[in-house]
1. Neighbouring Cβ atoms within 10 Å as the yardstick, rank D11, D317 fewest first.
2. Of G267, Q150, L140, whose Cα points farthest to the positive end of the dipole of segment 109-387 (charges on the beta-carbon: +1 Lys, Arg; -1 Asp, Glu; origin at the Cα centre)?
3. Please give the FRET efficiency for I10 paired with E361, using the beta carbon to beta carbon distance and R0 = 35 Å, rounded to the nearest 0.05.
4. Quick one: net charge around A218, please, counting Lys, Arg +1 and Asp, Glu -1 for every other residue with C-beta under 13 Å from its C-beta.
5. Roughly what % of DSSP beta bridges within the chain run antiparallel, to the nearest 5?
6. Does segment 326-374 come out rounded, prolate or oblate by the C-alpha gyration tensor, with a ≥ b ≥ c the root eigenvalues, rounded set by a/c under 1.5 and, if not, prolate when a/b is larger than b/c and oblate if not?
7. Under the rule of at least 5 residues apart or a separate chain, name every residue whose amide H is placed under 5 Å from the amide H of N260.
8. What is the magnitude of the charge dipole of the chain about its Cα centre, with +1 placed on the Cβ of each Lys and Arg, -1 on the Cβ of each Asp and Glu, and no other charges, expressed in debye to the nearest 20?
Amino acid sequence: MSKLKELKNIDWTEIDWQKELKNNINSIDSLTQYIDLSEDEEKTLREVVDNHPMNIPRYYLSLIDETNEKDAIRKLALPSEEELVVAGSMGETTQDPYGDDKHNKGNGILHKYPYSALVVATDYCSMYCRHCFRKAIVGLPNDKTVENFQRAAECIREHKEITNVVISGGDPLLINTRRIKKILESLIDIDHVNYVRIGTRTPVVYPMRFFDEELLEAFREFNKRKALYLPTHFNHVSEITDIAKEAVLKIREAGVTVNNQAVFLEGVNDSVEDIEDLMNGLVRIGVNPYYLYQCMPVSRVRHHFQVPLKKGVDIVDKAKERLDGYAKRFKFIMGHDIGKIEICGRVDDKLILKHIHSRPEKPHEASQIKIMQLDDKAGWLDDMQEISL
Ligand code: SF4
């Protein structure tokens with residue numbers, strides 16, 4: 001039996017989540033024990049991993065379908081030679097597509113919208129997803145994470161306009177439970193904060209995390225006084241496994257609402273059936289489809305992951321025609337430097353956009369409609385000219 005097949009027989013519910021992190025596949029040498037690579041591939045992937053580290057939990061690796069070269073899980077987890085292409089055929093790229101650096105208030109706090117504070121709690125993730133828009137910081141030395149959460153909480157307390165806090169990363173749920181409790185405790189008595197979100201991909205790539213009863217108890221306790229939400233990131237129906245479903249159930253039983261923020265990715269979920277199956281799969285396990293992000297123009301990502309907008313909007317519209325009300329609640333959006341923009345649809349070669357969150361310095365832009373001239377190639381706002389009706 002191949003080593004990859006052996007992984008499929010492990011009972012992940014019996015695994016200690018902290019010890020298991022040490023078994024992650026984080027070097028090409030360890031990857032070759034599970035996946036066949038030619039000598040040339042091995043050499044190229046070593047170069048890729050030098051630029052962007054690899055980290056794959058054995059659980060997530062076990063989901064790969066060895067018989068399918070185009071398997072979505074493989075594309076999401078394994079480095080590829082296309083990451084050596086900094087920009088490529090889709091156009092210009094950047095390290096900071098969502099304006100994180102511009103809106104960094106220091107001490108790991110991003111204040112991108114007046115009402116939300118985002119705290120970068122860690123740069124570590126159980127998996128380094130190959131399409132990550134924070135590719136420039138995850139798993140790499142940087143000074144963007146919070147040093148002292150208590151000070152961050154004080155800053156949030158002083159800003160009465162902040163109604164919600166996002167604890168983000170990296171993946172904050174890879175922090176030990178004792179520290180997560182402290183983080184939550186520091187926010188619980190701030191009156192003007194209505195709710196807290198913990199952005200995490202652990203239900204998808206590391207569901208063993210939710211077999212820690214102490215974490216669930218911390219969620220339960222917090223929820224008694226303030227609403228806790230868990231935005232997560234399923235991209236493909238094959239990620240919705242029995243154990244992922246069990247993890248989601250445990251989170252929901254702790255009273256936490258789970259919303260999904262998928263990314264629209266070429267070779268992963270760029271067909272009507274992929275979107276339909278993903279959204280139906282989510283509502284079946286009690287996860288709310290919330291956003292479908294257009295892949296950002298990130299260096300070493302855009303070229304092989306971004307779907308042109310014209311193709312994308314047609315796929316999303318077709319999928320929505322088939323989906324029921326709850327499954328089609330998600331918004332197709334661009335998380336842009338100027339704010340969040342909903343991609344509403346197209347009329348011939350005109351793309352209809354709506355600004356749904358504007359930056360603090362330009363509040364008048366919120367709710368504005370934009371009409372853009374669309375062609376077959378455009379993949380981002382900056383590729384198009386604004387036109388009038
Ligand atoms: S878990 Fe999230 S932050 Fe971490 S690499 Fe994946 S997409 Fe990026």
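1. Numbers: D11 7, D317 14.
In order of increasing Cβ crowding within 10 Å: D11, D317.
2. Looking along the dipole axis, the top candidate is Q150.
3. Approximately 0.10, to the nearest 0.05.
4. Working: positive: R178, R179, K181, K182, R209, R220, K224, R225, K226, K250; negative: E185, D212, E213, E214, E217, E221.
Net local charge, A218 excluded: +4.
5. That works out to approximately 50 percent antiparallel.
6. oblate
7. Amide H neighbours of N260, under 5 Å, 5+ apart: T232, N288, Y290, Y291.
8. Working: 54 positive and 64 negative charges, 295 e Å.
Result for the chain is approximately 1420 debye, rounded to the nearest 20.
Laboratory data are not the source of any read-out in this text; all were calculated from the coordinates shown. Quantities reported herein were computed from a predicted structural model and do not represent experimental measurements. Every residue, glycine as well, gets a Cβ built from its backbone with ideal geometry; the counts of neighbours run over all protein chains shown.
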